[in-house]
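Bear in mind these aren't lab numbers, they're just calculated from the coordinates by the rules spelled out. Being a predicted model, the structure only gives us computed values, none of them experimental. FYI the Cβ positions are ideal-geometry reconstructions off the backbone, even for glycines, and counts take in every protein chain you see.
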């Protein structure tokens with residue numbers, strides 16, 4: 001019968017055999033947030049707007065419970081060359097009230113940096129207070145608030161919607177919105193105080209607004225948005241005046257021929273006739289042709305003929321230069 005000592009040793013052996021090897025103790029997680037890589041910024045009017053995205057992911061590939069702080073700074077770009085550590089030591093903190101994960105936007109008065117080229121960077125700190133690497137750098141040349149364009153005027157032309165405005169500066173960003181539900185989109189940059197938008201369609205309503213731009217590069221300073229001006233682009237434009245009108249004597253008639261209009265929305269032509277010394281009067285109904293036979297002309301009578309063009313919208317051109325003929 002096993003002794004009490006033997007039973008105790010056997011129990012310990014079984015206990016040790018049932019336990020896995022734990023291994024060496026692991027170092028504590030550093031809890032350092034990953035680098036912010038999407039810092040962007042712009043001066044708009046009297047403010048600087050900055051935006052970036054933070055994450056709870058750490059450099060140890062574990063998820064942090066929270067962020068303890070967001071370190072956003074602005075410092076002058078020295079003329080002798082940029083050094084990150086020197087910049088960070090002298091850069092001015094910009095308060096970020098909510099150190100959360102996700103998209104964050106911050107605004108600051110621009111006047112404090114007027115006339116300077118400023119460098120902006122941001123980093124996040126984890127629960128232990130350790131901060132990650134500085135983000136990408138944003139460089140902005142801060143200027144007095146650019147003037148908002150004013151006295152916008154908009155009119156339809158055969159070539160498109162024509163926009164004009166007044167204001168200081170030499171560059172303007174043109175925005176267009178197609179209908180009330182669409183988002184405004186940039187049409188382009190103008191170096192003139194006018195813009196012709198050929199990409200409009202009849203029956204559609206378009207809204208336009210502007211910003212003055214100051215400085216070059218990817219992030220020029222910009223004014224606040226101008227007021228919005230709208231236009232319903234309607235076909236009020238007559239076709240071109242017909243050309244090449246000729247009148248010849250026919251068999252008991254006057255035969256007219258002219259060059260056919262080439263506009264895609266051309267519909268018909270209207271023939272006009274005037275007796276000697278009289279005013280031009282419409283002769284019959286509009287015709288979808290480039291020729292006409294006037295069998296109502298009285299033999300020996302002197303007549304003047306002219307032709308106008310009409311489009312699908314009912315717009316009519318002026319009559320062409322008249323031609324004269326004596327009816328056979």
(request) Based on other C-beta atoms within 10 Å, arrange 141, 83 from fewest to most. (result) 83, 141
(request) Please identify, among 257, 77, 136, the residue showing maximal mean-square fluctuation in a Gaussian network model of the chain using a 10 angstrom Cα cutoff. (result) 257
(request) Can you figure out the FRET efficiency of residue 282 with residue 232, using R₀ = 35 Å and their beta-carbon distance, to the nearest 0.05? (result) 0.70
(message) Using Cβ counts within 10 Å as a stand-in for footprinting exposure, how do 206, 49 rank, fewest first?
(response) 49, 206
(message) For the pair residue 63/residue 49, report the inter-label distance in nm, with labels modelled 7 Å from Cα in the Cβ direction.
(response) 3.2
(request) Normalising by the residue count of the chain, find the relative contact order in percent from Cα pairs under 8 Å and 6+ residues apart. (result) 13
(message) Per DSSP helix of 4 or more residues, -39500 (n - 2.57); summed, then divided by the residues of the chain. What does that give at 222 nm, rounded to the nearest 500?
(response) -2000 deg cm²/dmol
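First measure r as the distance between the Cβ atoms of residue 37 and residue 85, then evaluate 1/(1 + (r/R0)^6) with R0 = 25 Å and state the FRET efficiency to the nearest 0.05.
The formula returns an efficiency of 0.80 here.
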(message) Tell me the label only: which of (i) 36.4; (ii) 16.1; (iii) 26.5 is mean projected area of the Cα convex hull in nm² as calculated from this structure?
(response) (i)
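Can you sort 259, 98 by how many other beta carbons sit within 10 Å, fewest first?
Ranking 259, 98 by Cβ neighbours within 10 Å, fewest first, gives 98, 259.
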(message) For the stretch 255-328, what does the convex hull of the Cα positions come to per residue, in cubic angstrom?
(response) 83
(request) Taking 7 Å along the Cα-to-C-beta vector as the label spot, tell me the residue 143-residue 295 distance in nanometres, rounded to one decimal. (result) 7.4
(request) Could you work out the relative contact order of the stretch 150-232, using alpha carbon pairs under 8 angstrom and six or more residues apart, expressed as a whole percent? (result) 32
(request) May I ask you to compute the full-extension gain from residue 224 to residue 257, defined as 0.36 nm times their residue separation minus their alpha-carbon distance, rounded to one decimal in nm? (result) 6.0 nm
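Rounded to the nearest 5, what is the percent of antiparallel bridges among the DSSP beta bridges in the chain?
If I count the DSSP bridges inside the chain, around 100 percent turn out antiparallel.
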(message) Quick check: the angle from helix 4-17's long axis to the longest principal axis of the chain, C-alpha only, nearest 10 degrees?
(response) 20
(message) Test of understanding: in a Gaussian network model of the chain with alpha carbons linked when under 10 Å, which of 308, 55, 299 would top the mean-square fluctuation ranking?
(response) 299
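For the stretch 40-141, what does the relative contact order come out to in percent, with C-alpha contacts under 8 Å and a separation of six or more?
It rounds to 36 percent for the stretch 40-141.
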